[in-house]
Amino acid sequence: MSEESLTLVPCEPGALTPAELRTLFLFEKLTDDQLAWIAAHGCTMHMPAGGVVIREGDPADQFFVLLSGTIALTRRVGQDDVETTRTEQRGVYMGATQSYLRDDGIPRKYMATMRALDDSDFFVMSAADFGHMMREWFPMAIHLLEGLTLGMRTTAAAISERQRLTALGALSAGLMHELNNPAAAASRAAAALRQRVAGMRHKLGMLAAGKVPTDRLIALVDLQEDVIERAAKAPALTAMETADREDELGEWMEERNVTGGWDLAAVFAQGGIDIDCLNEIETRVGSPDLLDQAIHWLGYALETEQLMSDIEDATGRVSNLVNAAKQYSQMDRAAHQWIDVHGGLKSTLVMLNHKIGTGIRVVKDFDRTLPQIPAHPAELNQVWTNLIDNAVQAMNGVGTLTLRTYREGDHVVVSIGDTGPGVPDELKKRVFEPFFTTKPVGEGTGLGLDISYRIVVNGHGGDIVLDSEPGDTKFKVRLPITEPASA
Ligand SMILES: Nc1ncnc2c1ncn2[C@@H]1O[C@H](COP(=O)(O)OP(=O)(O)OP(=O)(O)O)[C@@H](O)[C@H]1O
Ligand SMILES: [Mg+2]
């Protein structure tokens, strides 16, 4: 609703004769009786230049026909008033233009603010009279119009419901895919661990039966702790370095006739053990007879340790995903609340991880000092999903996705940037239209940006703007920090 006040001017009843009314294109086909009825029920209004005739969002209770002058219609989009129409055409009508539709319980409001740009005159009827007249005189036309608006509404509702379901379907498919990997990895690791532990029990029996002096056994257990500690601290090697390391260790084992030395070499290399460390182990074990068994024992210790961290990683990943999914869908949160935009951005990134792939670098440039904003978190997540999804698709697997947050006056701005080909100038205006898509049939519904726009602009009193040139495209979502007055 616009804050400025209406310009109140009197409306003078009966100022137009039926003959004058007939000169307006709306009324030209009416009978004398009908025109007389309209003349008796309407009034005329003179609005000085600059006057505000009606305000967007106010109850639509009057129907206007322009007799002379110039008017402009504006709609509020975010912080701006956008002029949608400017006309001086005699006979154009506005205001309660839908008052003839059956009352569906939702009060009708003016869709735009109307200003007089010059001194202007209007013929005015109350919405009740206008609706009554239309229904009485043109019942068949009203049925058809009702069918049309109702049809359009149900189509739009069915489609947006469908889009939501499709998005949900894609999301849960993605989530299942993401969950499946760590779950499978964890159960593989658990099975391998069982084998290794059985192997260790066996080896322990052999070590004990081999009449190893107690002090040697104690030394071996100490050694095992050292080796595991070293493994935990080992810097990650590249694939090349690992292969080289395996070769060195394999040769070392071969020289000392360690059985299965090459297999063990892989385990030791992965555990961050180098030749120096093996030499030290050899010294500490002392007797050459014991070396083979000791090396195997340490190999088992390393391997079980690695398998346990694999299981830890995998199960940790599962619970991260479940957390992200929970946050994302806001299953356990109220609809409208004060939120930090970063939570939603991060959980959306996790949810879309499989789509983003490895060829796309993700840069997070977050201003952590941003205040909380009043919002519907689940809806905003839908916006982030649509924008990131578009960016990722535009980059076709390679590029940089930049998520930036910053403050701009009393707005929080979330900018989602990509290095794709961009949106050509002639399409910039159209991308937000429902069903506008450049993707092949079946791939895009063209609703992603339309829905995002409605969530941000209508739902949050914010704004989305597009800045695009080849290699640098940004969708900037501006969200007010203060609660919108009417929400
Ligand atoms: N980051 C971007 N880079 C280049 N073009 C874009 C970008 N985002 C959107 N577009 C263009 O805007 C069009 C409309 O986007 P929108 O998200 O509304 O629908 P869609 O992505 O085609 O389909 P859907 O989102 O339903 O899968 C896209 O088809 C594309 O041409
Ligand atoms: Mg899209």
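Looking only at segment 337-351, decide whether some residue is surrounded by fewer than 16 Cβ atoms within 10 Å (Cβ to Cβ), of a type in the set (A, V, I, L, M, F, W, C) and away from ligand 1 (no atom under 16 Å from the Cβ). Scanning segment 337-351, I find at least one residue that is surrounded by fewer than 16 Cβ atoms within 10 Å (Cβ to Cβ), of a type in the set (A, V, I, L, M, F, W, C) and away from ligand 1 (no atom under 16 Å from the Cβ), so the answer is yes. Any chance segment 143-154 includes a residue that's modelled with pLDDT of 85 or more and in contact with a helix residue (DSSP H, G or I) (Cβ under 8 Å, 6 or more places away or on another chain)? No: zero hits.
Report the residue count in segment 373-397 for those that are free of Cβ contacts under 8 Å to residues at least 40 places away in the same chain and either outside any helix (DSSP H, G or I) or more than 16 Å from ligand 1 (Cβ to nearest atom) (or both).
Final tally of qualifying residues: 1.
Taken as a whole, the condition of being within 26 Å of residue 350 (Cβ to Cβ), crowded, with 17+ Cβ neighbours inside 10 Å and within 15 Å of ligand 2 (Cβ to nearest atom) does not apply to residue 396. Looking across segment 454-485, the residues that are within 16 Å of ligand 2 (Cβ to nearest atom) and assigned to a strand (DSSP E or B) come down to 464, 466, 468, 473, 474, 475, 477.
Considered as a group, the residues in segment 404-434 that are hydrophobic (A, V, I, L, M, F, W, C) and closer than 19 Å to residue 364 by Cβ include one that is farthest from ligand 1 (Cβ to nearest atom), and that residue is 412. Of the strands (runs of 3 or more DSSP E) lying entirely inside segment 51-107, those containing at least 3 residues that are touching an Asp or Glu at 6+ places or on another chain (Cβ under 9 Å) and modelled with pLDDT under 90 span 71-77.
For first residues located in segment 126-142 and over 10 Å from residue 37 (Cβ atoms), partners that are assigned to a helix (DSSP H, G or I) and of a type in the set (Lys, Arg) and lie 6+ apart or on another chain with Cβ distances below 8 Å form the pairs 142/135.
Here are some residues: 291, 302, 307. Which one is over 29 Å from residue 182 (Cα atoms) and surrounded by 14 or more Cβ atoms within 10 Å (Cβ to Cβ)? Break it down into steps so the answer makes sense when it comes.
Working: 302 fails: over 29 Å from residue 182 (Cα atoms); 307 fails: over 29 Å from residue 182 (Cα atoms).
From the options 291, 302, 307, the qualifying one is 291.
Would you mind stating whether residue 313 is without any contact (Cβ under 8 Å) to a residue 24 or more places away in the chain, assigned by TED's automatic domain parsing to the domain that holds residue 196, on the phi < 0 side of the Ramachandran plot and loosely packed, with under 15 Cβ neighbours inside 10 Å? Taking the combined requirement at face value, the residue does not satisfy it. I need the full set of residues from segment 399-453 which are on the phi > 0 side of the Ramachandran plot, more than 12 Å from ligand 2 (Cβ to nearest atom) and part of a loop (DSSP other than H, G, I, E, B), in order please. Within segment 399-453, 409, 422, 442 qualify. Restricting attention to segment 204-250, the residues that are part of a loop (DSSP other than H, G, I, E, B) and more than 47 Å from the chain's Cα centre (by Cα) add up to 4.
Could you pull out the residue among 91, 51, 69 that is farther than 30 Å from residue 411 by Cβ, free of Cβ contacts under 8 Å to residues at least 60 places away in the same chain and touching a strand residue (DSSP E or B) at 6+ places or on another chain (Cβ under 8 Å)?
Details: 91 fails: free of Cβ contacts under 8 Å to residues at least 60 places away in the same chain; 51 fails: free of Cβ contacts under 8 Å to residues at least 60 places away in the same chain.
Going through 91, 51, 69 in turn, just one is farther than 30 Å from residue 411 by Cβ, free of Cβ contacts under 8 Å to residues at least 60 places away in the same chain and touching a strand residue (DSSP E or B) at 6+ places or on another chain (Cβ under 8 Å): 69.
For residue 463, which of the numbered conditions (1) within 12 Å of ligand 1 (Cβ to nearest atom); (2) at pLDDT below 95 fails to hold? Unmet for residue 463, out of (1) within 12 Å of ligand 1 (Cβ to nearest atom); (2) at pLDDT below 95: (1).
The values are calculated or read from the model by the stated rules, or taken from the named source; none is laboratory data. Because the structure is a prediction, the values reported are computed rather than measured. Using ideal geometry, Cβ is built from the backbone for each residue, glycine included, and neighbour counts are taken over all protein chains shown.
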